[in-house]
Amino acid sequence: MSTQFGETVEVGIVTNNLDAMRHFYGELLALPLEGRLEFPGGSMERYRVGGNIIKLVNYGDCLLYTSPSP
């Protein structure tokens with residue numbers, strides 16, 4: 001069995017620390033920023049990796065991590 005993908009793969013990464021992710025992908029890896037999108041409750045930044053896209057998605061303060069109750 002083989003899996004075939006299209007020419008472009010888009011990967012979404014949800015983060016509550018956009019500044020650190022922006023520094024890593026935009027400055028350390030020097031990936032070109034394709035654009036920014038603001039939407040109600042958050043934002044998305046798109047970085048190009050060859051023919052592919054990495055999307056950094058931030059939902060502001062809405063994204064909180066808590067341990068599930070036992």
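Largest accessible area first, the residues LEU56, LEU18 order themselves as LEU18, LEU56 under a 1.4 Å probe with ligands, DNA and RNA left out. Backbone geometry of the range 30-37 corresponds, through the Karplus equation with coefficients 6.51, -1.76 and 1.60 at θ = phi - 60°, to 3J(HN,Hα) couplings of 6, 6, x, 7, 8, x, 10, 9 Hz, x marking Gly and Pro.
The values are calculated or read from the model by the stated rules, or taken from the named source; none is laboratory data. Everything numeric here is computed off the predicted structure, so don't read it as measured data. Quick note on the areas: whole protein, heavy atoms, side chains included, nothing else; ligands and nucleic acids left out. Shrake-Rupley method; radii C 1.70, N 1.55, O 1.52, S 1.80 Å.
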